[in-house]
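Have a look at the structure below before the remarks.
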Ligand SMILES: C[S@@+](CC[C@H](N)C(=O)[O-])C[C@H]1O[C@@H](n2cnc3c(N)ncnc32)[C@H](O)[C@@H]1O
């Protein structure tokens, strides 16, 4: 068990929350206050959707990376995936975050990159089940990341593009993405989870959708 970060201890002393505390006792960062509850939620989404290949844009100190990578590892063990991986990118502090994940035995490949440099060669031949977008929040980056990575997302209702801050700093980018989706006739299901401040949009790729039953 990793000792609770002093800031988290102070928080739990004021506002007891045993389940969150239990999670944080295993984490190497303190709680990221911009994505406190969506962080653990990402873990359960990746588990529920049985994802193997997960990408995070904007890994920062690793608050959400820990949950995403933990879910990839647990899915691999539970479902005998031999090729599961958590991929990440950021413009800075990638080595520290990667080292922290690796020290906990969590799979990761995190690259240092300005996401505006992303192109179809960056993750050549990789098909993602789940992409979490939480990097630069300006509209150019948000739209560029979507345009490059959407084709690499699994279809048939099995791929998810999850965008953070769509009610906050990424609102303009989210609007541009919606315009692009309309213009290109992209088939998806889209919902915003409203936490009253940042917002999380979940875009489910519905191209080539056919009825199917669990397990996929
Ligand atoms: C809001 S933080 C991510 C928080 C992280 N997902 C978490 O919850 O712990 C945004 C991150 O995006 C990174 N970033 C900013 N501009 C970027 C760019 N152009 N390309 C890639 N990453 C960028 C920042 O360095 C920062 O680490």
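Between residue 50 and residue 194, the simple label model (points 7 Å from Cα in the Cβ direction) yields a spacing of 3.4 nm.
Relative to the longest principal Cα axis of the chain, at what angle does helix 38-48 sit, 0 to 90 degrees, rounded to 10? Once rounded, one gets 60 degrees. With neighbour counts taken as other beta-carbon atoms within 10 Å, the residues 98, 69, 82 rank, fewest first, as 82, 98, 69. Placing pseudo-labels 7 Å out from each Cα toward the beta carbon at residue 208 and residue 104 gives an inter-label distance of 3.4 nm. Considering only 167, 22, 85, the Gaussian network model of the chain with Cα springs below 10 Å gives its largest mean-square fluctuation to 22. In terms of surrounding Cβ atoms within a 10 Å radius of their Cβ, 66, 161 rank from fewest to most as 161, 66. I need the shape label for the stretch 33-126. Rule: rounded when a/c is under 1.5, else prolate if a/b > b/c, else oblate, with a, b, c from the alpha carbon gyration tensor. Judged from the Cα gyration tensor, the stretch 33-126 comes out oblate (a/c at least 1.5, b/c at or above a/b). In a fully extended conformation the segment linking residue 114 and residue 91 would gain 7.8 nm over its present Cα-Cα distance, using 0.36 nm per residue.
Calculated [222 nm] ellipticity per residue, helices only, for the chain: -11000 deg cm²/dmol; basis is -39500 (n - 2.57) per DSSP H run with n ≥ 4, divided by all residues, nearest 500. Compared with the dominant Cα axis of the chain, that is its longest principal axis, helix 171-184 is turned about 30°. By definition, a body whose alpha carbon gyration tensor gives a ≥ b ≥ c is oblate when a/c is 1.5 or more and a/b is not larger than b/c, and the stretch 117-159 fits this oblate description. Only bridges whose two residues both fall in the chain count here: according to DSSP, what percent of them are antiparallel, nearest 5? Here the share of antiparallel DSSP bridges comes out near 40 percent.
Axis angle, to the nearest 10 degrees, between helix 94-103 and the longest C-alpha principal axis of the chain: 60 degrees. Largest mean-square fluctuation among 169, 18, 151, in a Gaussian network model of the chain whose springs join Cα atoms under 10 Å apart, belongs to 18.
FYI, it's all coordinate maths here, none of it is from the lab. Being a predicted model, the structure only gives us computed values, none of them experimental. Note: ideal-geometry Cβ built from the backbone for every residue, glycine included; neighbour counts use all protein chains shown.
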